[in-house]
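Just so it is clear, none of the values below were taken in a lab; they were calculated from the coordinates. Predicted model only: the values in this text are computed from it and were never measured. Counting neighbours? That spans all protein chains shown, and the Cβs are built from the backbone with ideal geometry, glycine included.
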Amino acid sequence: MKVVAIVGMAGAGKSEVARIFEKSGFKRVRFGDITEEQIRNRGLELNEENERLVREQLRREHGMAAYAMLNLPRVESSLKSSDVVVDGLYSWEEYTLLKRRYGDGFSTVAIWASHVTRYRRLRDRAERPLTADKAAGRDKAEIENSNKGGPIAMADFTIVNEASLEELEIETERVLSALK
């Protein structure tokens, strides 16, 4: 069984790639679901400020590998019946925890898009849109507070997502073929 983690900055297209993996038979585990569950449980509004607050609080409480640790039961359960795609691995510590646990069965796919493209996508998205200033603030926080650069730098595959959804699908299919 395989665990493939999708990494990249906000708005790069991680969830789109994870959906393509899902269509190919992978079960999707979205690490950010933990954040949204925590926000709902605390009776907070779902917005960028509360998401950041919860993400950073969970990492202070459980360490920088928090999301991998908290999602391991979901990953393990899903692996019983299929390969798994992790939507949204963030930190170097999450990467190293999953790499140690799954060894050669673990791969990463970095999705890259320029900040101009990502900020436009984030501004135009239907759920939780962000202004350019908020998107830049999120980038800064993720790079400085989440150790996000390491998993992107160490990715086994990189997809440049500057064009159409059709191009993204073609590039993702190329990666899926290489993983077989």
State, as an integer percentage, the relative contact order of region 1-71 based on alpha-carbon contacts under 8 Å between residues 6 or more apart. 22
Contact order relative to length of the chain, as percent, for alpha carbon pairs under 8 angstrom and 6 or more apart: 34
What shape does region 3-73 have by the C-alpha gyration tensor, where a ≥ b ≥ c are the square roots of the eigenvalues, rounded means a/c under 1.5, and otherwise prolate means a/b greater than b/c and oblate the rest? prolate
What FRET efficiency comes out for residue 53 versus residue 144 if R0 is 22 angstrom and r is the Cβ-Cβ distance? Round to the nearest 0.05. 0.90
Tell me whether region 28-107 comes out rounded, prolate or oblate; compute the Cα gyration tensor, take square roots of the eigenvalues as a ≥ b ≥ c, and use a/c under 1.5 as the rounded threshold. prolate
Options [x] 0.98; [y] 1.16; [z] 1.34 are given for Cα Rg over 2.2 N^0.38 Å, and the computed one is [x]
